[in-house]
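Chemist: Structure in structure tokens, see below.
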Amino acid sequence: MMLEHGLRVSYEAGSADTWLRDSNVLAVFSFGQSPLLANDARHVPVALPQLDDDPVVEVWRVDGTVRSGSWEQLSWARSDNMTMGHLALDLRDYDGMLQASRHAYEIVQDFLRQSPHHCPMKIWNYVPGINVGEGDDECYREFCVGRAEAWSADPSEQPAMPAATAIGSPEDEHALQVYFLATALPGTNVENPRQVNAWHYPRQYGPRSPLFSRGTLMQVNGDRHFLISGTASVVGHETHHDNTADQVHESIRNVRSLLAEARRLQGSEHPVLGDAGMLRVYVRDPSEYEQVKRVLETLIPDEVQRVYLQGDICRVDLLTEVDGIVACS
């Protein structure tokens with residue numbers, strides 16, 4: 001099933017090149033390929049290997065003809081209502097992750113300032129070797145510092161930051177990848193009552209807290225979508241459970257809690273899983289893919305499309321994570 005509104009997202013068979021022939025395609029995401037190999041402004045390779053038996057690409061389609069181009073180190077594709085932008089910085093050109101992350105977000109921020117769609121709805125980050133390093137030298141902590149320095153955000157205040165995902169790509173991948181979806185009007189950021197707001201995480205998680213909202217409600221010309229951040233087995237600010245099956249259950253409890261909060265804020269019966277929707281499921285250990293899949297099949301309706309990707313989670317004790325997009329009918 002597709003998201004049957006202005007933004008239509010689906011998992012499809014075939015190559016990226018096949019789908020890029022369609023002038024209504026905003027972006028095609030292929031998996032298991034370095035983002036440095038992108039051959040079209042609308043093609044976004046993601047280095048995470050797909051675990052499913054049948055390879056797919058993720059296709060974003062919109063109403064109207066899509067225009068595309070480049071701006072500094074960033075590629076973009078734009079419809080009348082939204083923009084997808086992506087960049088991949090070769091880490092061999094930078095003195096560490098902090099510098100690369102700061103530069104990536106400076107580019108994104110500068111691009112958004114001059115874009116007709118200047119309000120980010122969701123940002124995806126794929127960070128090579130995300131758990132490499134000890135203490136504050138861990139790659140993810142350095143990434144968070146660089147992002148915060150670029151965004152010039154006070155960690156004690158709620159940032160104007162949308163939903164986001166940060167997942168570890170293979171350690172030998174050379175590119176820090178950042179891509180986003182943006183519109184002309186701000187979305188409504190949504191927090192999960194079961195979790196501490198990310199920017200209020202205590203110091204034990206690093207010198208700068210992660211800057212993202214748990215979800216963002218996007219409205220374009222009367223069509224609404226809910227963009228879900230990377231969601232793992234975290235309650236309050238602490239990791240819960242030490243096994244994959246229980247972590248999957250906790251992650252979905254968090255997703256459902258977030259959806260309930262979105263419904264409360266809208267005074268609506270939607271969004272709910274089971275409507276038009278899709279999930280990306282990230283699995284740290286590929287040997288646990290079948291178990292994660294079996295558990296999710298008991299928790300998520302069959303009509304919710306999903307893809308399973310091998311990726312490290314931002315904490316070493318987290319074994320799986322999900323993110324997604326759900327239509328608000």
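Chemist: If each residue of separation counts as 0.36 nm, what is the full-extension length gain between Glu238 and Ala184 once their alpha-carbon separation is subtracted?
Modeler: 15.9 nm
Chemist: Hey, what number do you get for the chain at 222 nm if only DSSP H runs of n ≥ 4 count, each worth -39500 (n - 2.57), divided across all residues, to the nearest 500?
Modeler: Here the helix-only value at 222 nm equals -7000 deg cm²/dmol.
Chemist: What are the ³J(HN,Hα) values, in whole Hz, obtained from phi via the Karplus relation 6.51 cos²θ - 1.76 cosθ + 1.60 with θ = phi - 60°, for each residue of region 187-201 in sequence order, with x given for Gly and Pro?
Modeler: Here the 3J(HN,Hα) series is x, 10, 6, 10, 10, 8, x, 7, 10, 5, 3, 4, 6, 9, 4 Hz.
Chemist: Between Asp90 and His270, what is 0.36 nm times their sequence separation minus the Cα-Cα distance? Round to one decimal in nm.
Modeler: Gain on stretching Asp90 to His270: 60.7 nm.
Chemist: By counting other Cβ atoms within 10 Å of each Cβ, how are Thr165, Thr83 ranked from fewest to most?
Modeler: Least to most surrounded, the residues fall as Thr165, Thr83.
Chemist: Which longest uninterrupted range of the chain lacks any GluC sites (Glu not before Pro) assigned by DSSP to a loop state (not H, G, I, E or B) and surrounded by at most 12 other Cβ atoms within 10 Å?
Modeler: With a cap of 12 other Cβ atoms within 10 Å, the longest stretch comes to 172-268.
Chemist: In whole percent, what relative contact order does region 128-229 give with Cα contacts below 8 Å and a gap of six or more residues?
Modeler: 33 percent
Chemist: Ratio to report: Rg/Rh of region 8-328, with Cα atoms as the point set and Rh obtained by the Kirkwood method; give two decimals.
Modeler: 0.92
Chemist: Can you list residues from other chains, or at least 5 along the same chain, whose modelled amide H is less than 5 Å from the amide H of Ala164?
Modeler: Ile123, Ser213, Ser229, Gly230
Bear in mind that the values in this text are calculations on the coordinates, not laboratory data. Keep in mind that this is a model prediction, so the values were computed, not measured. Because the Cβ atoms are built from the backbone with ideal geometry, glycine has one as well, and the counts that use them run over all protein chains shown.
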